[in-house]
Amino acid sequence: RYDKIVNIFGERYSSHIPDEVLDAYSIQTDKISNQIFLSREEENSQSLPRSTAGQVIHNSQFIKGYVQDGLSSALDFLWLLENDKVPSHQNTNITVFICWRPAMCDDVRDKLIDYGIARERLIIEKY
């Protein structure tokens, strides 16, 4: 149904991420980009997360920071940005699913709208 997918997952520490998420997010292709943002992980953490198969998850998918920090690179992966905005003709080609705490959802929503994504293309679940 979708030509490309970007998954952005946020957590405080890599040790809080379920194995199922680590396994799913270890997949990187030209059609799928998976990123995990760690807001409180130590910069020089010696314990790289592992998939349930025991493979070290490639640490380039782990980024110190917040989910909001990944929006620009996600839109770039989808080839949607022109001059830091999503062209209006692309608004029918994107659907964004956001779920998390209300403040983060509101912040991500506002940033995506600032990028030019139409509000009706955002599906938000706050909990």
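The values are calculated or read from the model by the stated rules, or taken from the named source; none is laboratory data. Please read all numbers here as calculations on a predicted model, not as lab measurements. Quick reminder, even Gly has a Cβ in these numbers, built from the backbone with ideal geometry, and neighbours come from all protein chains shown.
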For this session: Return yes or no: is VAL86 hydrophobic (A, V, I, L, M, F, W, C), within 17 Å of TYR2 (Cβ to Cβ), surrounded by 11 or more Cβ atoms within 10 Å (Cβ to Cβ) and at pLDDT 85 or above?
Result: no
Exercise. Quick check: is even one residue across segment 45-52 assigned to a helix (DSSP H, G or I) and at pLDDT below 85?
Worked result: no
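Let's see how each residue does on (1) at pLDDT below 85; (2) part of a loop (DSSP other than H, G, I, E, B); (3) within 22 Å of GLY116 (Cα to Cα):
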site	(1), (2), (3)
VAL6	no, no, yes
GLY10	no, no, no
LEU22	yes, no, no
ILE27	yes, yes, no
ARG40	no, yes, no
GLU43	yes, yes, no
SER72	no, no, yes
TRP79	yes, yes, yes
For this session: Please specify each residue of segment 94-119 satisfying the condition of being within 15 Å of the chain's Cα centre (by Cα) and assigned to a helix (DSSP H, G or I).
Result: MET104, CYS105, ASP107, VAL108, ARG109, LYS111, LEU112
